[in-house]
Amino acid sequence: MKILVLVKQIPDISAIKFDEKTKRIIRSGVKLLFNSYDKKAVEAAVQLSEKYGYETYAASMGPPDAAEILKDSMRMGINHGILLSDRNFAGSDTFVTSHILSALVNIINPDIVLTGKSSLDGETSQVPPETAWMSGYNFLSGVSGIEIMEKSVEVTRDEDDGISKYEVPLPAFFSVSEKINRARQIDPSVKIEDVEVYDSDITPWKGSQSPTEVADTFPLNSSRDNKFIDFNKFIEILHEAGHGSSGTHRDYIGEPETGDVFLGLAVDDPKISMEISSKIAESTHDKITVIGNIDPVKLQGMACHQYIYLEDYSNVSMAKYVAKYIKENPVRHVLAPSNLNGRDIMSFVAASLGLGLTADCVDIKMENGKMIQYKPSFGGGIIAVIKSKTDPDMATVRKGMFQVRFISRSFETTKIRSRASPEYRIIERKTLDSTLRPLDTPVIFGIGTGVMADDIPKIYGIAEKIGASVGATRRVVDMGRIPRQFQIGLTGVSVSPDLYIAVGISGSDNHIVGIRYAGRVIAINKNPEAPIFRHSDFGIVMDSHEFIGELCTHINH
């Protein structure tokens, strides 16, 4: 029995610089690190090996220096290290990278493949599902617990709306969530022999065959011009927040002026599905078709001509349907949500059709018949402008990037019911407390470690009265005070409210990444030198406990 872990060496994103003149990222002198998510996958593999006696492999694709993270993996307890290194691999995007990695999977033929949920430099989350698809392995993302049975694996999966348990037949491929474990310390004194090196003899795929290309890059300035205010001014700004943000009405979308289709996907979340269809309606004169797993009743007013409702479809069966639709119809562009299942479905489609896919975009624009995609990278500080070389071009987009535009006309609906999925069986599902609002409200409170545990229920009470939602920093989530689905930041979610109220948050770079697209930010911190004020439009120098007390008094009166 074998377990293969795929790991990646990444640059220290906090040290990345951008040259304005050459439009290039400066990597010289930047320390290379073991991607922290992949380190957790290594830990999971070692723990499974210790419990079940599996033989373990770690593999990485990169230059010779990447051998160091393989040696570190072996210092943690992995039995074998394999480096995929060849100049022909340079410049590989997620699609080609997945082809190269799948070639190795087929050589090693492991029972289980593990990897982190994403790499912190790119954050696409596409390589695991694409590699699994190309390798013919059953796949689930966001896995936080693994128990091995005789011919299957029982896994716990952290989902956008709760936690589920699945039985997955072997062979299986999982990307693990950061919640799965705490990786052990690496002892640098342990001597490791050189790792095995594989070159391009294992696959015909080369980086030059990548179906996407980076057309441009530019820095995203995350600093704001902070102005210190008093509590009364804060109340004034709070009352102004959210006006006009619930969406605008548009009486109609015109009849298609071409024979082509701009395809949208509606996956799990009605709000982002409406955002996507609205953006498409603003961008095209093609026929707008949306394929999704959301009851059409929850999508009333969606800007599209046709909605195909796939009831009880798994990610794999939905991907197969979407791929079939693309083959049989003149689809020019595809846009889908960058949520947990949306990313997996689109990755499966890209892998099955050989198409380029850009993940986690913050904007798209149409240029000469192509969809130009704007994607954050390196912690969100740099925006890459990406074009697809293949047709249709495809992208997933972050929630909250586009304004919803409702239409009064009804779209045509086709309902298709699926058969049971053979890829996995759902054993148990627990949804989040329904009283907790999703992080898509006009006003969001962000809770940091400066907020006392006893004050958190008070913030929830305030949020309930004004129609706001509540998120938190990673440290607060790690303390168990807020569900992990409400973690805001680099390792959580990005939010884009009209107003973000940061209470007791110090302002680490990891958190700032998640609030870059907020309309306005107000920070409350008793330390006037706190970094959060550099990333705020307004600031109040005040103890969090006192601020929450005053706000409760005001709201209750």
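Please give the number of the condition residue 169 fails out of (1) buried (at least 19 other Cβ atoms within 10 Å of the Cβ); (2) touching a residue at least 40 places away in the same chain (Cβ under 8 Å); (3) of a type outside the set (Gly, Ala, Ser). Every condition holds for residue 169 apart from (1). Each residue in the range 67-95 was checked for being buried (at least 24 other Cβ atoms within 10 Å of the Cβ) and over 21 Å from residue 46 (Cβ atoms), and 3 of them qualify. If you go through the range 361-384 and keep only what is in a strand (DSSP E or B) and either in contact with a Pro (Cβ under 7 Å, 6 or more places away or on another chain) or surrounded by fewer than 19 Cβ atoms within 10 Å (Cβ to Cβ) (or both), you end up with 363, 365, 366, 367, 370, 382, 383.
Every condition in (1) modelled with pLDDT under 95; (2) buried (at least 24 other Cβ atoms within 10 Å of the Cβ); (3) part of a loop (DSSP other than H, G, I, E, B) is met by residue 124 except one, and the failing one is (2).
Of all residues in the range 389-407, those that are touching a residue at least 12 places away in the same chain (Cβ under 8 Å) and over 22 Å from residue 341 (Cα atoms) have Cβ atoms under 6 Å from Cβ atoms of residues that are among the hydrophobic types (A, V, I, L, M, F, W, C) and part of a loop (DSSP other than H, G, I, E, B), 6 or more apart or on another chain, in 390/355; 405/303; 407/253; 407/303. Just one of the listed residues (395, 384) is touching a Leu at 6+ places or on another chain (Cβ under 8 Å) and not assigned by TED's automatic domain parsing to the domain that holds residue 157, namely 395.
I want to confirm something. Restricting to the range 310-331 and keeping residues that are assigned to a strand (DSSP E or B) and either within 24 Å of the chain's Cα centre (by Cα) or at pLDDT below 95 (or both), which single residue is surrounded by the most Cβ atoms within 10 Å (Cβ to Cβ)?
Taking the range 310-331 and keeping what is assigned to a strand (DSSP E or B), we get 310-311, 331.
Of the ones still in play, those that are also either within 24 Å of the chain's Cα centre (by Cα) or at pLDDT below 95 (or both) are 310-311.
Numbers: 310: 21, 311: 11.
Checking each candidate, the answer is 310.
The single condition among (1) hydroxyl-bearing (Ser, Thr, Tyr); (2) within 19 Å of the chain's Cα centre (by Cα); (3) exposed (fewer than 14 other Cβ atoms within 10 Å of the Cβ) that residue 396 does not satisfy is (3).
Within the range 524-547, restricting attention to residues that are part of a loop (DSSP other than H, G, I, E, B) and out of contact with any strand residue (DSSP E or B) (no Cβ under 6 Å at 6 or more places or on another chain), the residue that is surrounded by the most Cβ atoms within 10 Å (Cβ to Cβ) is 530.
Identify all residues within the range 319-344 that are of a type in the set (Ser, Thr, Tyr) and under 17 Å from residue 256 (Cβ atoms); write none if there are none. Talk me through it step by step, then tell me what you get.
First, the residues of the range 319-344 that are of a type in the set (Ser, Thr, Tyr): 321, 325, 338.
Result: 325, single match.
Checking 464, 412 one by one, the residue that is over 30 Å from residue 151 (Cβ atoms), in contact with a His (Cβ under 7 Å, 6 or more places away or on another chain) and not polar (S, T, N, Q) is 412 and no other.
Quick test for you: out of 295, 360, pick the one residue that is touching a residue at least 24 places away in the same chain (Cβ under 8 Å) and among the acidic types (Asp, Glu). Quick ask: steps written out before the conclusion?
Working: 295 fails: touching a residue at least 24 places away in the same chain (Cβ under 8 Å).
Result of the check over 295, 360: 360.
The values are calculated or read from the model by the stated rules, or taken from the named source; none is laboratory data. Being a predicted model, the structure only gives us computed values, none of them experimental. Cβ: placed from backbone, ideal geometry, glycine included. Neighbour counts: every protein chain shown.
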